[in-house]
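The values are calculated or read from the model by the stated rules, or taken from the named source; none is laboratory data. Keep in mind that this is a model prediction, so the values were computed, not measured. FYI the Cβ positions are ideal-geometry reconstructions off the backbone, even for glycines, and counts take in every protein chain you see. Areas reflect the complete protein model, heavy atoms only, side chains present, ligands, DNA and RNA absent. Shrake-Rupley method; radii C 1.70, N 1.55, O 1.52, S 1.80 Å.
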Amino acid sequence: MASPLAAPLAAAIGVGVVSAFFYLAVLFGGFGALILGYLAPLPLFLAGLWLGSTVSLLAGAAGTVAVLAVSSSLLVSLAYLVTAAVPVILVVRQALLARAAPDGGVEWYPPGRLLMALTGMGLAGLLGAAVLTLDQPGGLEGAVRETLGRMADQMFSAQGQPAPDPQDIWMAEVLPGFAVISWLVMTIINGALAQGALMRFGRNRRPAMRLDDLELPRWLATAFLAALLAASLAPDPAGFLAVNAALVLALPFAFAGLSVVHAFARSRSAKLPILVGFYMFLFLFGWPIVLMVGLGMIEQWIGLRRRLRPAGPDQEDE
């Protein structure tokens, strides 16, 4: 008779191998391979949000071993563990936490706290990168500029043009923060895709998380403003680290701003066209995300969503 643990273990190993294949696809190049690389956490999320946090842990471990076996690189497998497996394990564990509510229902782990856990993980990653580059000239900023300088040399030399000085590459100032934001956003997108697919087939453990339920801690605004102040006044390398920390801390406010947009759209009859038009405008131009950060801070201070929320009980899941 087969052990009751055999099926979940086999599923975890299979999911881990698929995730590892997605992750390693970027080594083969091409746009499709890049997309697969971004979707590496998706199989882990599907297994974890369906079968539980233990399965997500086993799948992450199996994926790490598979990456190591195929790439024969401890660094590549460690990168997979940190960027793909660990975020999924954290999100699944917290997302599936629940307790009895006073009304007799079930109270699930709040999405705002889940977003803050991811933000804290991003800040820890930023701090870890700074610690690992302490022995580099210029610290983390020096390491980033050196890397970008080498890339610029290769690109410009292929065109027979002189490469710009690494000190003139403005992207270096904010690259670590944007890299962390990209990592966190892709983690959130993969989690949302997995939850949506599981709900479609009735395999989800927890109900959908709605943007309307996103509540951020009050201290976050103080931390964000303190990071901005340090970025303006502190000398490097502290100032450089503060700039990128401020970028990461802005991410939760951007989601809070998006929740206001969703609340506004829900209060109108043309909800879908408003949201489609807004996201097209956002992805085409990019800069409106700054407005979302400001809108999220205003939401935290005065509660715009409460003013826009319909009076009726019909609240559609996001």
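Taking Cα centre as origin and charging only the Cβ of basic (Lys, Arg, +1) and acidic (Asp, Glu, -1) residues, the dipole magnitude of the stretch 166-318 rounds to 700 debye. Charged side chains reduced to their Cβ positions (Lys and Arg at +1, Asp and Glu at -1) give the chain a dipole of some 1080 debye around its Cα centre. Only helices enter this figure: runs of n ≥ 4 DSSP H residues, each worth -39500 (n - 2.57), summed and divided by the residues of the chain, yield -23000 deg cm²/dmol at 222 nm to the nearest 500. Magnitude of the charge dipole for the stretch 212-282, about its Cα centre and with charges confined to Cβ atoms of Lys, Arg (+1) and Asp, Glu (-1), is about 280 debye. The modelled label-to-label distance between R150 and A270, using points 7 Å beyond Cα along the C-beta direction, is 5.2 nm.
The mean sequence distance of close C-alpha pairs (under 8 Å, at least 6 residues apart), as a share of the length of the chain, puts its relative contact order at 15 percent. Packing here is the average count of other Cβ atoms within 10 Å per residue, and on that basis the peptides 283-296, 78-91, highest first, run 78-91, 283-296.
How far is the Cα center of the stretch 203-245 from the Cα center of the stretch 42-70, in Å? Here the answer is 28 Å between Cα centres. Convex hull volume of the Cα atoms of the chain, normalised per residue: 178 Å³.
For the stretch 64-112, the normalised intensity computed at q = 0.14, 0.33 Å⁻¹ comes to -0.51, -1.08 (log10 of I(q)/I(0), Debye sum over alpha carbons, equal scatterers, no solvent).
Of S53, S73, A226, which is farthest along the charge dipole of the chain in the positive direction, counting Lys and Arg as +1 and Asp and Glu as -1 at C-beta? Towards the positive end, the residue furthest out is S53. Rounded to the nearest 0.05, the FRET efficiency derived from the C-beta distance between A230 and I298 at R0 = 22 Å is 0.45.
Modelled spin-label separation between F21 and F178, with each label point placed 7 Å from Cα along the Cα-to-Cβ direction: 3.4 nm.
What FRET efficiency comes out for F283 versus L96 if R0 is 25 angstrom and r is the Cβ-Cβ distance? Round to the nearest 0.05. In this case the efficiency is close to 0.20. Solvent exposure of the chain, expressed per residue, is 55 Å² of accessible area, with all protein chains present and a 1.4 angstrom probe.
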